[in-house]
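Encoded as structure tokens, the structure appears first; notes follow it.
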Amino acid sequence: MTQEAATSDTQNQAHGDEHSQNKNLLGPLLCWAVVFADIGTSVYYVPGILYGTVGPAAGFFVFLTMSVFVLLTLKYSEVTYRFPQGGGVVTVAAQAINHWVGALGGMFILVDYFLTAAISCLSGIFYLSVVAPAIGPPFALWITVGVLILLGILNWVGISESAKVSLVGAVIAFLSDIAILVTVFTHISLPAFFALIPHMFSNHTLTPISILIGFAGSFLAFSGLESISQLSPVMKTPRKKVAGMALLLVVLTIGLTSPLLTMLSTLLQPQEAADPLKNSQLISLLAGHWGNIILQTEVAISASALLVFASNTAIIGSYHVFMALSRMEFFPAFVLQRNKLRGTPHYSIALATFVPIAVLILVKGDIIILGDMYAFGLLGAFTLTCLGLDLVRYRERIAIRAKRYQPEVAQPGNGHEPLPASDQLGTEADSSSTREQDGFNRDALAGISRTEGAPTTTPSNQVNQPKISLWSTIDFYLGILTTVLVMIAWSTNLVAKPLATVFGGTVASAGMLVAYLNYMGHKRRGRIPVMITGVEGRLPGSVLAVLTSRNGHNDAVIRTALTNAEGHPVVFLYVNEKKPQTSRAPSMFEVVDPYLDDMQAKEYFSKAESLAQRAKIPRRYIYRQNAPGVVSRVWQAVHPRDIVVAANIAPEFEDVNPDRIRYELTPSGKVAHMLKQW
């Protein structure tokens, strides 16, 4: 009875911890709030910056780019549930393309965050100067520097961002925007509004070059979308539904406010839009001109607070990227160090704070120059994310067409049971229960899918043959179109905005140099950093090498698998049997990937990579938390001809049904070959 009571108490405690964590996860409304509080603040400074580039046509180009923004939300929604560990472009590019491309994506997003922190904070001070003119130029620059230092100190103390605070800010911003639009439209008639449209092109001749420049520059109005992909670890499940609903709200609220406010604030206030100071206060001035001093003051104060809040968001995102790149072993380990007093990563926070300060001082607080510098990192991150997702989709479509994603139906018990099809792949399967609850094991990323709530030891008996649906085909080609449009915008800015190219290229190059030197340092010390790759389907003739955290013969398994590869790929599967050290809910923008903190797994993968490089053997790396049937799911997806495993644990894989088992005695220990002729 005592044992039963203890078991019951343990189960109740685990259930309570899970319930507590679920309460801290973000639903659609809170996810919308975090994203809108970021994107929604862009409208406060973008109209003035765009007016300096394209003149009165600023509103037209924001309307034009809005269509691409909608397409981007479709891709970023998919990123959130395909890559539930978070990390955004870093994770997508590293796993879909190459770990070095992942590092480059990290540099791009850092450039974006640095400039977001600088331009948002400076704009916040400019808006506050509407109410308190004394803090405007020439003091605005140094006040902004002081505010950034204060934000850095707050993050060092441990006061970070809250989604509920974001919700309050997002609601205030959206209601303020609506109040401005209602006020303006009560003073001008609908015909008068339509009469404004020709004024956008009256003194601005549209040429192919000017259209490209305006289109590329208008992406600044939608900066902040990338934050949704970094909320995956703190998002409620099913992530596909939550992210879809959140981004639908983002599209509706941004589409209703940003293009119209840009158009009205520039066409109705041409003198202010051309003024070096007032072009950073256009939305507040619009509220005062068509409303009253109360609305103008409310917009100025709320805009100032929200912009500073967005600057803090950028600092938080930035230092989490620094930490993720360090955990991926691109940046030195000291970046991860936490101070003993507050337990916060002080070096990462310092870098995330002082780089924007240096940028502000370098450009002498010129917001137009900051806007011109912005394009490199933002569009670079968009491009790599879109390209990475396209590659994942393409490989999966090829695997489905080749019928490699799922074994054919055969007799039960012989290893040929069908696996449930995943709706992630655009298959015509039951989408009501997906692999969302699969946590961060990333079965789907390895071409292995299972239905939520399905038994883990025995696959479902229901036959769900993968099939490419019409919508998945449409979505695939829309995704390619999105990638092409974003790449056109990025390449245009590389030429049209040389300052952005020089700044972004310098920062990215410096970061990549640090990453390379750190990588070579690890290699000289005998350990090669390895990123998880996964597989997309069957690998005929391959070898599956199973490594475990409690097995003392992993070296023998690695060497034997490579020796018997015969030129075919080797899939290294590491099964972590240790329980997570903490059950705390992850914080916003944190990358939650158990592999990045598993030094033992990194050591064994490093040994495997070093030997495989010398032998020139193609290889894949998969990391899994231990669970019933974890090896058999990988085995059924990959269809290897041989599973190499330590002989002492071979009997544990009873759900793997090989044709025969052969034992081999090696200098490093005894291993088992579980052979299968598919």
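The values are calculated or read from the model by the stated rules, or taken from the named source; none is laboratory data. Predicted model only: the values in this text are computed from it and were never measured. Cβ sites come from the backbone with ideal geometry, for glycine too, and all protein chains shown count toward neighbours.
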Regarding segment 240-255, can at least one residue be identified that is polar (S, T, N, Q) and assigned to a loop (DSSP other than H, G, I, E, B)? no
Check on Ile143, in the same structural domain as Phe331 (by TED's automatic domain parsing), modelled with pLDDT of 95 or more and out of contact with any Pro (no Cβ under 8 Å at 6 or more places or on another chain): yes
The condition of being farther than 24 Å from Val299 by Cβ and touching a Leu at 6+ places or on another chain (Cβ under 6 Å) holds, among Val43, Val68, only for Val68
In the set Ala561, Ala565, the lone residue that is part of a loop (DSSP other than H, G, I, E, B) and farther than 30 Å from Met323 by Cα is Ala565
For residues that are under 20 Å from Pro628 (Cα atoms) and either part of a loop (DSSP other than H, G, I, E, B) or among the β-branched types (Val, Ile, Thr) (or both), tally how many sit in segment 568-580. 6
Within segment 262-328, helices (runs of 4 or more DSSP H) holding 2 or more residues that are surrounded by 23 or more Cβ atoms within 10 Å (Cβ to Cβ) and either touching a Pro at 6+ places or on another chain (Cβ under 6 Å) or in contact (Cβ under 8 Å) with a residue 12 or more places away in the chain (or both): 282-290, 293-327
Which of the residues spanning segment 662-676 are over 14 Å from His553 (Cβ atoms) and either among the hydroxyl-bearing types (Ser, Thr, Tyr) or modelled with pLDDT of 90 or more (or both)? Arg662, Met674, Leu675
For the list (1) part of a helix (DSSP H, G or I); (2) surrounded by fewer than 18 Cβ atoms within 10 Å (Cβ to Cβ), I need the number of the one condition that Val130 fails. (2)
Could you check Lys670 against (1) farther than 14 Å from Asn564 by Cβ; (2) under 38 Å from the mean Cα position of the chain (by Cα); (3) assigned to a strand (DSSP E or B) and say which number it fails? (2)
Contact list please: Cβ distance under 6 Å, first residue in segment 477-503 and on the phi > 0 side of the Ramachandran plot, second residue among the polar types (S, T, N, Q) and modelled with pLDDT under 95, pairs at least six apart or on different chains. none
Picked from segment 465-481 (must be β-branched (Val, Ile, Thr) and surrounded by 13 or more Cβ atoms within 10 Å (Cβ to Cβ)), the residue modelled with the lowest pLDDT is Ile468
Does at least one position in segment 624-642 carry a residue that is in contact with a helix residue (DSSP H, G or I) (Cβ under 6 Å, 6 or more places away or on another chain) and either within 25 Å of Ile400 (Cβ to Cβ) or crowded, with 16+ Cβ neighbours inside 10 Å (or both)? yes
